[in-house]
C-alpha cells in the first residue's frame, strides 16, 4: 500500500469525524456583513486556528481593521527546506447573510443531513461557500498529519473573514505581510465542478474594466420644440457612440481592444467542445434563444476566453409615464468590459476614452470614471501544479478534469497574483445547484468526500511523501 | 381722416382706459391648475363675457366638465351677411400657477407698472400669457364699437380656461359646438414678435410624433460575468438601433421620413437669412457652440422647417453609484419626432417601428407606445388673411412682418385645423424675455399698444369699414 493509499484509507475510516468538524464549524454564524456577528466571526477564525495548531501548524488569529485573518505555517517534512513546494492555501470563514430566513427549509446555522439525488447533502449557510470547501483541505491536512506526523509540503494558510464583504481589510493585510506570505502557488477551493462526476480546474478568469461615461451638453434641460434641430442632444450622441461598441460580427470596436488576446489552443477547443455544453438550454432557461457575442466562436469560448463589452446601465432625460418634450442636459452609461489574459486593462481604459471621443460631436463634454481595471488571469495548464492537480483529480474521479474558464473575476486571485506574484490553483467542488448566497445553501457529501481525498492526493503528488 | 385713422386716434386717446381694463383682469388669480381658484377662473370668464356683451356681442359663459368657456358672437355690419369675413378669435383667460412666489419682485396678482428699457411694462402673472394679448383685441373691438357702433367683420370669440392644463375639456367643447363655431379663419394672439421693433406672423408649426420603445430580452437581470458573450444585452441592442437614428449629415434614417417634406421657398429662405439670427448666441446662451441638426440647412430652417428626431429619455440597468455587473432584462427610450407640414404622422409611427425592428437581434422583443401623432401645420402665406395681417403690421411698425416658423406645436391650432377646418392667423406680440410661465412675467406697454392698434388695423383691412 502506497503512502497515499494509506492516507486515503485513513480518510475513509475517519470520514464521520471530518464531516462532524465541517458541521460544527457551520454552526457558528460568522456573517461578516452584520456587526452583531463580529464575535461569531472571531469564533469561526479561532475554530480554524485551533484546528491548524492541533495539526502542527504555527497558527494565529491576526487582527485587522475588520474581521481577523487566520495565518498558519507548517515547515513541511523535516529538513526538506526548499526541496518541496511551498503552497499557500486560501479560504474564508465568513458567510453571506441568511436572509430571507423564511425561505429556508431548516435554520441556516443548524446544519442538517438530508437525502438527495447524489446521496446525503448538508444544508446550512456556508455549507459549501467556503467553510465546506476549506474543511476539505483542513481534513486532508489532518489525514497527512495523523498518518505521517508532518505535512508533505511547506504550507502557509490564509483564511480571511471578509470575502463576502469585498475583502476590504484583507488586501492591505496581504500587502503588509508580503514577506511572511511568500510561497510557490496559491491553492483555492471556492469554485465548482463541471458536474457531480466531472472534476474541474479553473485555469482562466476574465478580468474587468468597469467605467462610467457622462456626456454633458447644454447647461440646462431644453424644450425639444424650441431647440430640436439646433441643440446637441446628449442621449442621441451617447447612443450614437455606444451603439457602435460592437460591429456586425460582435467584435468590440474599442481601438486596440484585441491586442494581446490569444486564440484558445486546439486542445482547449476540443476539450470544451467535448463537454457538450448546451447553449440553447443555457439561454432557454433565461428566455432567450439566439446566442449573442462574437460570431465564429464556440459558446464556452465566448463565455470564458473572449472579451466582452456590456452596457450595464444607461440613463438620461425623462423616463416617467407619458411624455416630456425635453432635450436633456446630460446622459450617462456604465460599461463593463470583461477582459481575457493578455489584454492590458489600462489600454482598454484609454481605448474606450478614445472610442467615445472620436464619436461624439465637438460640443459634447465627456467625463469618465474608472471603477475598476483588473486583468484577465491565466494559470498555465502545463505548470507542474496544474499537472499535479489534474492527475490527482483524474485518479480520484476516474476521468480527466476539465480545464474551464470562468466568465467572472475572483478578486482574491488577482490579489494573489498582483501582491504576492502567485498563480492560483482553482480546484473547487461546488455544483451549480448549491444555492450559494441564496436560501437553502447545500453541499453534497459526495463532493466533500471526493474533494477531501483529491486534496490529500494533491499533497502527495507535490510533496515528499 | 380715414375710418381706420379715426379709430387709431381714438385708441390713443383712450389708451389709459384700455390699459386699466387689462390690469383689472390681471387682478383675478385664474389659475386653472389649482382647484382652489375655480371661482377665480369663473370670475375671469365673466369679466371677459361682460366686456364682450357691452360691445354688442351675444356673449355667454358656457359650462364644461372643467372651467367654463366664454363664447360670443357679433353679426358684423348690418346686412353684410356673407360679404364680410367671419373671424374666430381664440384666447385663454387662465394662467399658470405663480410658484415659486418668493422669486417675484411684486405680488403676481397685484399688477405694477415699472420702467424698463422699452418704457413702462406691466408685471403680473398673465401680463402677456394670455390676458395681455387677449386684452389687445378686446380693446380693438371696443374702439371699433365706440367709433362705428358695430364690428367691421362677423366675429366669434372663444376664450377658454384650461389652456395651461392641456385644454382637456376644451377640445370636446369645440367638437360639440362645431356648427356654432363656423368661421373663415382663427385669429390667435399667443405667440411672439421677432424683436420689440419687428412684428411677426407664425405661418408654420411643427407637429409631433412621440413614442416610447421598450426592448425586452432575458426573463431576468443577469450577471455580466456569467452571461456576457452569450446573452443578448438589451441596452447594447437599444443603443445600437437608436444610435443609427441620424446619419453623419444629421438626416433621420426612419424609412420614408422625408416623404412629403418640402424645401422652403427661396423667398422664405431669403427672409429668414435677412433676420440675421445669431445661432452662436442662441447656442452660447445654453452653453453650446456647434449647431446640431441637418447639414447644409440654415439655422432657422432647421428650427422651423425641418423635422427632427430627439431621444427625450432613455433608461435601463443600473444607474446608481459605483458598479453593478448586470445585464439588464430590458431597456427603453422615449423619442420625439418634430414634424413639418407634408409629413404623415402615421407613416412616421410605422416607419419608426420598422426602423427599430430592422436593427435589433432576433431575440429582442420590441413594444411601442404612441403618445401622440399630430401633423405639422402651415398657414399659406399668400392667403388674404395672412396678407391683410402682414399689411396691418407693416403699416403699424413701418417695417415688414417676419413670417416665422415655430419649432414647437400649439395644440389649439391643431384643434382648430382638425375640428373646425380653420387655418390660424398667429399674430402675437410677446417678447422672448417676457418670462412666460416663470416668476416676474411681464408685458411691455409698447407691445400692448402696437398690438392693440395692429388688431384694429387688421379688422379694418378685412372688413367693411
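Taking a ≥ b ≥ c as the square roots of the eigenvalues of the Cα gyration tensor of chain B, is the shape rounded (a/c under 1.5), prolate (a/b larger than b/c) or oblate?
Working: a/c = 2.04, a/b = 1.85, b/c = 1.10.
Judged from the Cα gyration tensor, chain B comes out prolate (a/c at least 1.5, a/b above b/c).
Exposure proxy check: A:86, B:118 ranked by fewest other beta carbons within 10 Å?
Ordered by Cβ neighbours within 10 Å, fewest first: B:118, A:86.
Just counting partner chain Cβ atoms within 10 Å, what average do the residues of peptide A:282-289 show around their Cβ? Before the final figure, lay out each step's value.
On the way: counts 4, 6, 0, 3, 12, 10, 12, 3.
Per residue, the number of nearby Cβ atoms from other chains is 6 on average.
Could you tell me the relative contact order of region A:9-87? Use alpha-carbon pairs under 8 Å, at least six residues apart, and round to a whole percent.
The normalised contact order for region A:9-87 reaches 18 percent.
Mind giving me the nanometre distance, one decimal, between the label points for residue B:440 and residue B:60, set 7 Å out from Cα along Cα→Cβ?
Placing both labels 7 Å along Cα→Cβ, they lie 4.5 nm apart.
Which distance in nm do the two modelled labels at residue A:2 and residue A:265 give, with both placed 7 Å along the Cα-to-Cβ direction?
Going by the 7 Å Cα→Cβ label model, 2.3 nm.
Enter the angle in degrees (range 0 to 90, nearest 10) between the Cα long axis of helix A:38-53 and the first principal axis of the Cα atoms of chain A, meaning the one along which they spread out most.
Rounded to the nearest ten degrees, it is 40.
Once the label point is placed 7 Å from Cα along Cβ, list for residue A:100 the distances to the corresponding points in the other copies, in nm, shortest first.
Listed shortest first, these distances are 4.1 nm.
Return B:220, A:206 ranked ascending by Cβ neighbour count within 10 Å, so the fewest neighbours appear first.
Working: B:220 11, A:206 29.
With the fewest neighbours first, B:220, A:206 line up as B:220, A:206.
If r is the Cβ-Cβ distance from residue A:13 to residue A:277 and R0 is 41 Å, what FRET efficiency results, to the nearest 0.05?
Values: r = 39 Å, r/R0 = 0.94.
Efficiency, rounded to the nearest 0.05: 0.60.
Over all directions, how big on average is the projection of the convex hull of the alpha-carbon atoms in region B:332-459, in square nanometres?
Numbers: hull surface 45.3 nm².
Its Cα hull, projected and averaged over all orientations, spans 11.3 nm².
Rounded, prolate or oblate: which one fits region B:384-465, using the alpha carbon gyration tensor with axes a ≥ b ≥ c (rounded when a/c is under 1.5, else prolate when a/b beats b/c, else oblate)? Walk me through the numbers on the way to the answer.
Working: a/c = 1.92, a/b = 1.07, b/c = 1.79.
It comes out oblate by the Cα gyration axes.
Defining a contact as two alpha carbons under 8 Å apart and six or more residues distant in sequence, what relative contact order in percent does chain A show? Before the final figure, lay out each step's value.
Working: 944 pairs, mean separation 117.6, N = 465.
That works out to 25 percent.
If you take each beta carbon of peptide A:369-378 and count the beta carbons of other chains within 10 angstrom, what is the mean?
On the way: counts 3, 0, 3, 3, 0, 0, 0, 0, 0, 0.
Mean partner shielding for this stretch: 1.
For region A:440-460, list residues with backbone N below 17 Å from a point placed 7 Å from the Cα of residue A:394 toward its Cβ?
From region A:440-460, the list is A:454-455, A:457-460.
With a/c under 1.5 counting as rounded, go ahead and sort the protein assembly as shown into rounded, prolate or oblate using the C-alpha gyration tensor (a ≥ b ≥ c being the square roots of the eigenvalues; past the cut-off, prolate if a/b is larger than b/c, else oblate).
Working: a/c = 3.49, a/b = 2.97, b/c = 1.18.
Taking the square roots of the gyration eigenvalues as a ≥ b ≥ c, the protein assembly as shown is prolate.
Taking beta carbons within 10 Å but only from partner chains, what does the mean come to for residues A:240-247?
Values: counts 8, 2, 7, 11, 4, 5, 3, 0.
For this peptide, the per-residue mean of nearby foreign Cβ atoms is 5.
So what's the angle, to the nearest 10 degrees on a 0 to 90 scale, between helix A:411-420 and the longest Cα principal axis of chain A?
Tilt relative to chain A: about 70 degrees.
Let me know the Kirkwood hydrodynamic radius for region A:78-223, please, with Cα pairs as the basis and the value in Å to one decimal. Before the final figure, lay out each step's value.
Numbers: mean 1/r = 0.0516 Å⁻¹.
For region A:78-223, the Kirkwood estimate is 19.4 Å.
Quick check: the angle from helix A:384-397's long axis to the longest principal axis of chain A, C-alpha only, nearest 10 degrees?
With both axes taken from Cα atoms, the answer is about 70 degrees.
Run the simple label-point estimate for residue B:197 and residue B:366 please: 7 Å along Cα→C-beta, distance reported in nm.
Inter-label distance under the simple model: 5.2 nm.
Can you tell me, using C-alpha contacts under 8 Å and at least 6 residues apart, the relative contact order of region B:360-465 as a whole percent?
In percent, rounded to a whole number, it is 28.
Once R0 is set to 35 Å, what does the formula 1/(1 + (r/R0)^6) return for the Cβ-Cβ distance between residue A:175 and residue A:50, expressed as a FRET efficiency to the nearest 0.05? The partial results should precede the final answer.
Values: r = 27 Å, r/R0 = 0.78.
Efficiency at R0 = 35 Å is approximately 0.80.
How would A:282, B:385, B:429 line up from fewest to most surrounding beta-carbon atoms within 10 angstrom? If you can, show how the numbers build up before the last one.
Numbers: A:282 18, B:385 23, B:429 29.
Result, fewest neighbours first: A:282, B:385, B:429.
Between chains B and A there is a rotation axis; tell me the chain B residue with the nearest beta carbon and how many whole Å away it sits.
Whole-Å result, nearest residue of chain B to the axis: B:243, 1.
Can you tell me how much longer the chain between residue B:382 and residue B:357 gets when fully stretched, taken as 0.36 nm per residue apart minus their C-alpha distance, in nm with one decimal?
Value of the extension gain: 4.7 nm.
With the label 7 angstrom out along Cα to Cβ, how close does residue B:437 come to the same site in each of the other copies, in nm, nearest first?
Taking the point 7 Å beyond Cα along Cα→Cβ, the inter-copy spacings are 4.5 nm.
Distances from residue A:54 to the same position in the other copies: list them in nm, one decimal, shortest first, using label points 7 Å from Cα along Cα→Cβ.
The projected label point of residue A:54 is separated from its counterparts by 10.5 nm.
Taken together, the values in this text are just the output of simple stated rules run on the coordinates, not laboratory data. Quantities reported herein were computed from a predicted structural model and do not represent experimental measurements. FYI the Cβ positions are ideal-geometry reconstructions off the backbone, even for glycines, and counts take in every protein chain you see.
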